[in-house]
Every structure is written in structure tokens, then in C-alpha cells.
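Written below as C-alpha cells is the structure these notes are about.
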Amino acid sequence: MKLKLWIFIDWYLPAYKAGGPIQSISNLVSRLKDEFEISVITSNSDLGEVLNLNQKELNVWVEKEGYRVMYIDREHQNKQFYNALFDAEAFDVVYFNSLFSIKYTLLPFWLLRNRPIRRVLATRGMLGAGALAIKPLKKKVFLAMFKFLTLHKKVIWHATAQSEIDEIKLHFGADRKILLAPNLSAISKTGFLNKTKKENEINIFFLSRISVKKNLIGALEVLSKIDSKSTVNFSIIGPIDDESYWQKCESKIELLPQNISVTYLGAIPNIELPKTLKAQHLLLLPTFHENFGHVIMESWQNGCPVIISDQTPWRNLQADKLGYDVANTNEDGFVDAIEHFCGMEEGEYMQWSKSSYNFAKGFIENPEVLEQNKSLFLSA
């Protein structure tokens, strides 16, 4: 008899613009659906828009390949609907994919607080200093409410890295029950592909939501300092999450020197990314915080080394020819790293590309990571 696992998440496939959280759960479902009876409870939205779903598919269970999904519209995201849902059938484990979600964590968590089921909560990097610095008052109020209601004592915390374990203990106490399970990534269906690369020319991409946290402005600042002998083709991939922030980015783009060309490609569904990344050489992501960074793993999976900030779990990358991790305060470090890659001939670059691909393959196919994720939902 399979355990019945219910997953709450604000957005889910076919949504894709919300990025990493969707990928985290999509990969979890695809890798664990043979082991558990999985039900996903989500909204009928993507980031900033309503999904184009059949009205008959709203507020009811929709069968997918090996699992099921319920897309709840705004009108039904309430106590009455959730209580009826919970009373309709039994389930064993509930997984909440976000800390700061009213409708898909706090509300269902509160309604289930006294039921004899296993509750697992992922912080998804939301307790990192860089993440908490964005809209800090709202988050402080939420954390205070969570602790006041003693919900932090009624859950098993899911941490994807040691840094998250430290953050959970800092905010909720050292005696919390925390399980470590790195994020699962999708197994690639394509093998390693050779890339062409000219000396002193490089194709760099930014892949993330366009928002303060992801720091596209920081990437543009770095590119403005690149030596004029280096030609950089910079592609920006991702939805505009913050329109006023994007306008500031556009102002920066207009001031870039002639050796830096910029193309905005918009949001690209995850399944279509390999087609775009096969022509790319390098990810540039000076993020203020990532608990995992699916875009980093996807870059490696597609043979692209990365230049990222030191605010992710991925450190000391240069030694393994995976890229560079640089402090956001060290602009010269970012410039030097880009110019190093730009100056490479194809042969040298391919060593880094192959190392990146091999690392991703080894990490994604590691059976220990799969077992750690299973253990989140099994009684100890």
C-alpha cells in the first residue's frame, strides 16, 4: 500500500514563470510517483497571470500520468473548501513547498495542525539573509505569527543544504526536527553536446525571474566593465516579476558599451530550455540568495559553466572547472572571471563544459539524494 502524499504549492505545471519552486516539485513528483500516491494542490495561476485551463478542470482532481492535481481558483482558496477537501478522504503526509504562502501553507497548515499526519515544510531559501532583506516587514510579521501559533513545533523541516539547517535553527530554535535532502533535478534526456567557441567572444545568459533578489542589475554593472577587446552576447531569460526593476535594467542596458549586445528572450518553458542553452556558453547569476538554484544545475546539465555569487550552496567551483563563485561586493572578481572565459579558445572551454555536464549528471543520478528525499515522507 503506497503512502498518500499531498503537496501544497502556489503554482504548478503547466505554470513555469514562477521558476524554481515549480521545478522542485515537478522533479520530486516525477522521481517519487512510483513510490507514493501523490496529489498536488495548487492554484490556477502562474506568476502574474491566470492559467488557460478548462473550467471543468478547476476545483476537482485532474488525473495526470502517475499522480493527480487540483487547480483551485481564487474563489475556493478558503477554509470551507479546504476543510471539505480534508474530510473527503484520508492521507498520510502533507508537504508544504513555501514558508511565506498564506493560501498554500499557513491556511492549510492551520486547519491540519491537530490531525495525526506527518507535516513537512520546505523553506526554499526564504530564511536566507538576502531573501529576508526583500519586503522585510511582511516577512517578520509572518515569522512572528508562525511562532506565536507554535506551528514551527508541529512540522518536520526540509532543508536542502547545511546553510538552510543553520537558518532554520537560527529563526526557530536548535531543537527543531530537520531533515536534509538536496533538491531533485530532472534526468536529462540528451547527452553531452559539443559547443563552438571563438577566442575573445562569448555567449552569456541570465536565467531567472527579473526581480531584485536575482540581481540582474548587478550582472549588467559587471558587463559594463568588460574589456573592449572582449565581445559578449548577453541573453536575458525569464519573466518580468518587477516592472519598475526591469525599467532600471533597461536604463543600464542602454548605457552598455558596443562590445556588449543584449537580447531579452522572455520566459521560456523548462522543457524548451535545452534548445536555447545549446548555443550558450556561460550562466551569469549574481543572486542575493539561492537555497539550491535549479538554473545553476540546468546550466551545468547543458554543458554551461557558471559565474555566480557566493550566496548559494555551490562553492569553490573553479577547482573543479565548474565556474566561479564570487562575492557580490567583488565586482572585479566577476569581471576577471568573465574575461577568463571570454579569452578561452574552444579546446580549453570544452574542458570546463564537459566538467560541468559530468558534475550535473553525477549529482542528478546519485541514488543517495533520491533516498534522502524519500525519507522526508517516511516515519522514522
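The set of residues in segment 146-163 that are surrounded by 12 or more Cβ atoms within 10 Å (Cβ to Cβ) and either assigned to a helix (DSSP H, G or I) or within 20 Å of the chain's Cα centre (by Cα) (or both) comprises PHE146, LYS147, LEU151, HIS152, LYS153, TRP157, HIS158, ALA159, THR160, ALA161, SER163. Within segment 297-316, residues that are small (Gly, Ala, Ser) sit with their Cβ atoms under 6 Å from residues that are assigned to a helix (DSSP H, G or I), at 6+ positions apart or across chains, in these pairs: GLY303/SER353; GLY303/SER356; GLY303/TYR357. Looking across segment 174-200, the residues that are modelled with pLDDT of 90 or more and of a type in the set (A, V, I, L, M) come down to ALA174, ILE178, LEU179, LEU180, ALA181.
Is it the case, given these coordinates, that PHE377 is among the hydrophobic types (A, V, I, L, M, F, W, C) and open to solvent by 10 Å² or more (accessible area, probe 1.4 Å)? If you could, list the steps in order and put the result at the bottom.
Working: among the hydrophobic types (A, V, I, L, M, F, W, C): yes; open to solvent by 10 Å² or more (accessible area, probe 1.4 Å): no.
The answer is no for PHE377.
Evaluating ASN97 against the criteria (1) open to solvent by 10 Å² or more (accessible area, probe 1.4 Å); (2) modelled with pLDDT of 90 or more leaves one unmet condition, (1). Within segment 269-297, the residues that satisfy the criterion of being within 17 Å of TYR16 (Cα to Cα), of a type outside the set (A, V, I, L, M) and open to solvent by 10 Å² or more (accessible area, probe 1.4 Å) are PRO269, ASN270, GLU272, PRO274, LYS275, THR276, HIS294. Does segment 308-320 include one or more residues that are basic (Lys, Arg), open to solvent by 60 Å² or more (accessible area, probe 1.4 Å) and in contact with a strand residue (DSSP E or B) (Cβ under 9 Å, 6 or more places away or on another chain)? Yes - at least one qualifying residue is present in segment 308-320. Any idea which residue in segment 164-187 is surrounded by the most Cβ atoms within 10 Å (Cβ to Cβ), counting only those that are within 17 Å of SER98 (Cα to Cα) and in contact (Cβ under 8 Å) with a residue 60 or more places away in the chain? Step by step, filter segment 164-187, then rank; the result is LEU184.
Take the conditions (1) at pLDDT 95 or above; (2) touching a strand residue (DSSP E or B) at 6+ places or on another chain (Cβ under 9 Å); (3) of a type outside the set (Asp, Glu); (4) outside any loop (DSSP other than H, G, I, E, B); CYS304 misses just one of them, which is (4).
Mind checking whether some residue in segment 311-323 is under 21 Å from the mean Cα position of the chain (by Cα), modelled with pLDDT of 95 or more, of a type outside the set (D, E, K, R) and assigned to a helix (DSSP H, G or I)? No, that holds for no residue.
Is it the case, given these coordinates, that VAL335 is open to solvent by less than 20 Å² (accessible area, probe 1.4 Å), under 17 Å from LYS213 (Cα atoms), modelled with pLDDT of 95 or more and over 18 Å from the mean Cα position of the chain (by Cα)? Here the answer is no, as VAL335 does not meet what is asked. Scanning segment 338-354 for residues that are open to solvent by 10 Å² or more (accessible area, probe 1.4 Å) and either farther than 21 Å from SER224 by Cβ or under 27 Å from the mean Cα position of the chain (by Cα) (or both) gives GLU345, GLU346, GLY347, GLU348, MET350, GLN351, TRP352, LYS354. Name the single residue, out of those in segment 126-145 being surrounded by 14 or more Cβ atoms within 10 Å (Cβ to Cβ) and assigned to a helix (DSSP H, G or I), that is nearest to the chain's Cα centre (by Cα). Here the answer is ALA131.
The values are calculated or read from the model by the stated rules, or taken from the named source; none is laboratory data. Remember, it's a predicted structure, so these values are computed and weren't measured experimentally. Please note: Cβ atoms are built from the backbone with ideal geometry, for glycine as well, and neighbour counts cover all protein chains shown. Surface accessibility is based on the protein's heavy atoms, side chains included, excluding ligands, DNA and RNA. Shrake-Rupley method; radii C 1.70, N 1.55, O 1.52, S 1.80 Å.
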